[in-house]
Amino acid sequence: MNSPNPTASAGQRPSTTLDQAIQSDALDCVMCGICVPHCPTFSLTHNEADGPRGRISLLLGISQGELTPDADVSRHLDTCLTCRACETVCPSGVAYGRLIDNGRTRLAQEPAPAARPRGEARFWRLLRDQLLTRRRRLGMAWQMYRVMQRLGLGGMARRLAGPMGRALPRQLTHAGPAQASTQEMASPRGRVGLFMGCTGAAMNAPAVAAARAVITAFGYQPVIPGGQGCCGAMHAHSGEPEAAARQRQRNAAAFKAAGVDEVIVVGTACSAELAALPASHGLTIREITEWLLARDHTEWPEIARLDYRVAVHTPCSQRNHLRQPEATRQLLACIPGLELLEIDGNTRCCGAAGMHVLLYPEQAERLRDPKLASIKQLAPDVVVSANVGCASHLAAGAKLVVKQPVELLAESILAAKR
Ligand code: SF4
Ligand code: SF4
């Protein structure tokens, strides 16, 4: 892939290299339209420009200098969820994910602010760079929300939190009692890095705690280097590929310095982003579900039966980016007693899509509505999603218990010890 010119900035003609990269990918499209009915945003508006084929045409026009992006054109492109459902069905192998990321980078260089991606506005960049990608700050804000929720002031907190309030879960889950020891294990099977992510001290804290406990129960020493940070996904999909690459490099350096070659990530979106690290780093990146499925049966600890009805949500990052659509079901099938339920329209994006849920909340909620209706009908004990963004988005729309698959496994292991 050609990389964009890092010196290009707003007000300059965007680099030829970036335009060429866009054209190269866009010209792979034969405009057959097979992808169009699979596109969630097209399903909302039935406007060709809100589907993959239309967006590819727009990007081709922009990159060839035949179309000057304005607010309308930019919105059609920027409301793409980067879910990549179109990519998985495309018979021509169009690299749509790369194309739309390059497209947002191209728009970010436009002189007119209205033509740039919404996430590039000062307010959103500040929110992203000063809070959302800062684990400690986000963790503190999350703790404040928890306290207010406990005091019965959750509704007020959501109203006061401005654009973030709509995205906050209504029912909070707690870290389970399965806490791993922080001490070095005497003779572990191996040492593995554990990636915390920006939400590891906030909404993803219960899943990270469960992952630590499960990794330990499988006989491995989890290593959590302090120098790790954001995976870079929010930058990568907002038109800032260099910032995303720096985040990936920072994480690679932190884990290599800690002496681990394998990094376990709790969440499919972060895992997909870190997987973009070049092989030269010598790091294997695995989402916790995938890592657990790769364990030999001799490594499995004793597990107990859990009699839950579980509605399984499959994130686009798990289905379309990592191409592991069955991973969550396969892991949960290992726990006796669970009844796995299918949410209608599970192959379609729930609307969370990283910062999209904040940038375009109406679209995000329209995409979520049918899933919540299906979940309501299923009336499960718990909803499971392998991505924290999707889990939070679902839990923001209804009083639901939404967990990651590893949390159920941790509960099952703990129950077996009692
Ligand atoms: S990535 Fe998703 S939202 Fe974007 S064009 Fe493809 S199917 Fe539609
Ligand atoms: S399926 Fe592929 S080739 Fe056909 S319109 Fe969609 S992106 Fe283009």
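What follows is calculated from the coordinates using simple rules that are stated; it is not laboratory data. All of these numbers come straight from a predicted model, not from anything done at the bench. Here the Cβ is made from the backbone with ideal geometry for all residues, glycine too, and neighbour counts use every protein chain on show.
Some values worked out for this structure:
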item: Extension gain (nm, one decimal) between Cys32 and Met164, 0.36 nm per residue minus Cα-Cα; result: 43.6 nm
item: Computed label-point distance, nm, for sites Ala304 and Cys334 using a 7 Å Cα→Cβ extension; result: 1.9
item: Burial ordering of His356, His297, His46, His76, fewest other beta-carbon atoms within 10 Å first; result: His297, His46, His76, His356
item: Likely footprinting exposure, Met203, Met148, fewest C-beta neighbours within 10 Å first; result: Met148, Met203
item: When the chain is reduced to its Cα atoms, the Kirkwood hydrodynamic radius in Å; result: 22.1
item: For the chain, size of Cβ-based charge dipole, Lys and Arg +1, Asp and Glu -1, in debye; result: 1340
item: Per principal axis, descending, Cα span of the stretch 338-403 in whole Å; result: 36, 22, 19
item: Dipole moment magnitude, nearest 20 debye, the stretch 190-297 about Cα centre, only Lys, Arg, Asp, Glu C-beta charged; result: 240
item: Contact order normalised by residue count of the chain, Cα under 8 Å, 6+ apart, percent; result: 16
item: Reciprocal of mean inverse Cα separation for the stretch 11-140 (Kirkwood radius, Å); result: 15.4
item: Theoretical gain in end-to-end length, Ser280 to Asp261 [0.36 nm per residue, Cα-Cα removed]; result: 5.7 nm
item: In sequence order, calculated HN-Hα J values of the stretch 134-150 (Karplus, 6.51, -1.76, 1.60; Hz; x Gly/Pro); result: 10, 4, 5, 5, 5, x, 5, 4, 5, 4, 4, 5, 4, 4, 4, 4, 5
item: Inter-probe distance in nm under a simple model that places probes 7 Å from Cα toward Cβ, at Arg323 and Phe123; result: 4.1
item: Lysine pairs meeting the criterion (Cα under 17 Å, 8 or more apart or interchain), as found in the chain; result: 4
item: Per DSSP, loop GluC sites (Glu not before Pro) in the stretch 235-284 with at most 10 further Cβ within 10 Å; result: none
item: Rounded tilt (10° steps) of 205-217 against the dominant C-alpha axis of the chain; result: 50
item: Likely footprinting exposure, Arg84, Arg118, Arg159, fewest C-beta neighbours within 10 Å first; result: Arg159, Arg118, Arg84
item: Cα centre as origin, Lys/Arg/Asp/Glu Cβ charges: the stretch 122-167 dipole, Debye; result: 120
item: Förster radius 22 Å - calculated FRET efficiency between Ala114 and Asn47 (Cβ-Cβ, nearest 0.05); result: 0.70
item: Label point distance in nm, Thr347-Gln130, each placed 7 Å from Cα along Cα→Cβ; result: 4.4
item: Where only alpha carbons of the stretch 69-205 are counted, the Rg and the Dmax (Å); result: 20.4, 62
item: Cα long-axis angle, helix 16-26 against the chain (0 to 90 degrees, to the nearest 10); result: 70
item: Estimated 222 nm signal from helices in the chain, with DSSP H stretches of n ≥ 4 weighted -39500 (n - 2.57), rounded to 500; result: -12500 deg cm²/dmol
item: The stretch 303-417 - convex hull of the alpha-carbon atoms, volume per residue in Å³; result: 89
item: 0 to 90° range, to nearest 10: angle between helix 405-417 axis and the chain longest Cα axis; result: 0
item: Scattering profile of the stretch 212-360 at q = 0.19 Å⁻¹ [log10 I(q)/I(0), Debye over alpha-carbon scatterers]; result: -1.26
